Amino acid sequence: MNLDKLQNWLQENGMDVAYVSSPTTINYFTGFITDPEERIFKLFAFKDAEPFLFCPALNYEEAKASAWDGDVVGYLDSEDPWGKIAEEIKQRTKDYQNWAVEKNGLTVAHYQALHAQFPDSDFSKDLSDFIAHIRLFKTESELVKLRKAGEEADFAFQIGFEALRNGVTERAVVSQIEYQLKLQKGVMQTSFDTIVQAGKNAANPHQGPSMNTVQPNELVLFDLGTMHEGYASDSSRTVAYGEPTDKMREIYEVNRTAQQAAIDAAKPGMTASELDGVARKIITDAGYGEYFIHRLGHGIGMEVHEFPSIANGNDVVLEEGMCFSIEPGIYIPGFAGVRIEDCGVLTKDGFKPFTHTSKELKILPVKE
């Protein structure tokens, strides 16, 4: 597990206790994740004492049987979880003055409950940047899971393409994709709500699928991903259902050229801003710069959007082992939208995508 990284950080920074509150981060450190709903699911680590996982009694046996080999403390609905947490901590250590907390995942209510148990402690140190940094560089075992998630996304595209026919709704296509993922691949969780957008709807990049129906001779945008053993995929493809117009072909080819140029240019040592600029220049020079309205990409791993942001003005230096998306888009209101996206890992030899569905413009036959 990765908990030794956290314990070393506590010692190096003079912190006594780490309070980890995001289920995804708990999974990163312990190999166990659950949705506690309104109940309390937390991880506590110490500079010089044994860590423990705190969870509802409903999840106690599941946590004990997981990859986590440390202590698990459960609580009943009738018990005060914060009082039990305080009791457990005080049995383990006398040093609980200086706390590091995951501010990105900490609610005000939970902070107030914890502070009431330790009123003289300092909770000002933030763990969030440290966690983002160590999760940034993927191990080979993590990359295996990301590649598997990419394979599932490629499968989902094929199901989606085959589901297109005259009059089918965007939501019906999404339903077919997700049903076949469950039925044929055993995928029980997508990494985000699957997006299918036909015609002018695709000009709204993150509009969810609607009851809009697919019509002949328009572009259809797919944006989808799965969770594979706790790791996400995220990929986009745009296809033509029937014969596209010359304008549709043009914006598709400009976007495809920009995406491939960025993939080819990505290398360790360049900045995120420089990589964004490669794709953005091609789209701008073609006269469509005003329609590329988002960053080039985002990090990916246990969450679909992680650090770093591949964006104009972000001077973070790209390094081997970083995983991120490359996804330029052109969105012309009232007409059409195109996005082509691959996530991948940056190696010494360049960017290696996790998804491999063809990016040549696919023209699908019209079906009644």
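The values are calculated or read from the model by the stated rules, or taken from the named source; none is laboratory data. All figures in this text were calculated on a predicted structure; none of them were measured in a lab. Cβ coordinates were reconstructed from backbone atoms using ideal geometry, including for glycine residues, and neighbour counts include every protein chain displayed. Please note that ligands, DNA and RNA were not included when accessible areas were found on the heavy atoms of the full protein model with its side chains. Shrake-Rupley method; radii C 1.70, N 1.55, O 1.52, S 1.80 Å.
Scanning segment 50-70 for residues that are touching a residue at least 12 places away in the same chain (Cβ under 8 Å), surrounded by 15 or more Cβ atoms within 10 Å (Cβ to Cβ) and either touching a strand residue (DSSP E or B) at 6+ places or on another chain (Cβ under 7 Å) or under 19 Å from Leu114 (Cβ atoms) (or both) gives Pro51, Phe52, Leu53, Phe54, Cys55, Pro56, Tyr60, Ala63, Trp68, Gly70. Here is the figure for segment 96-153: residues that are aromatic (Phe, Trp, Tyr), open to solvent by 20 Å² or more (accessible area, probe 1.4 Å) and in a strand (DSSP E or B) total 1. Selection within segment 62-76: residues that are under 15 Å from Ile33 (Cβ atoms) and either in a strand (DSSP E or B) or acidic (Asp, Glu) (or both). The member of this set that is nearest to the chain's Cα centre (by Cα) is Glu62. Each residue in segment 279-296 was checked for being without any contact (Cβ under 8 Å) to a residue 40 or more places away in the chain and either open to solvent by 60 Å² or more (accessible area, probe 1.4 Å) or small (Gly, Ala, Ser) (or both), and 8 pass. Just one of the numbered conditions (1) crowded, with 20+ Cβ neighbours inside 10 Å; (2) closer than 26 Å to Tyr28 by Cβ is not true of Glu229: (1).
Might you let me know whether segment 317-328 holds any residue that is open to solvent by 30 Å² or more (accessible area, probe 1.4 Å) and either under 16 Å from Ala232 (Cα atoms) or not aliphatic (A, V, I, L, M) (or both)? The answer is yes, given that some residue of segment 317-328 is open to solvent by 30 Å² or more (accessible area, probe 1.4 Å) and either under 16 Å from Ala232 (Cα atoms) or not aliphatic (A, V, I, L, M) (or both). One residue is enough: does segment 34-49 have a residue meeting the conditions under 22 Å from Leu136 (Cα atoms), open to solvent by 20 Å² or more (accessible area, probe 1.4 Å) and out of contact with any strand residue (DSSP E or B) (no Cβ under 6 Å at 6 or more places or on another chain)? No, every residue in segment 34-49 fails to be under 22 Å from Leu136 (Cα atoms), open to solvent by 20 Å² or more (accessible area, probe 1.4 Å) and out of contact with any strand residue (DSSP E or B) (no Cβ under 6 Å at 6 or more places or on another chain).
I need every pair where a residue in segment 74-86 that is without any contact (Cβ under 8 Å) to a residue 12 or more places away in the chain has its Cβ under 7 Å from the Cβ of a residue that is open to solvent by less than 60 Å² (accessible area, probe 1.4 Å) and in a loop (DSSP other than H, G, I, E, B), sequence separation at least 6 or different chains. Every condition considered, no pair remains.
Which one of Gly199, Gly186 is open to solvent by 40 Å² or more (accessible area, probe 1.4 Å) and among the small types (Gly, Ala, Ser)?
Answer to the check: Gly186.
Residue check, Ile340 against (1) within 30 Å of Asn166 (Cβ to Cβ); (2) in contact with an Asp or Glu (Cβ under 6 Å, 6 or more places away or on another chain), all met but one. Which one? Tallying (1) within 30 Å of Asn166 (Cβ to Cβ); (2) in contact with an Asp or Glu (Cβ under 6 Å, 6 or more places away or on another chain), Ile340 fails exactly one: (2).
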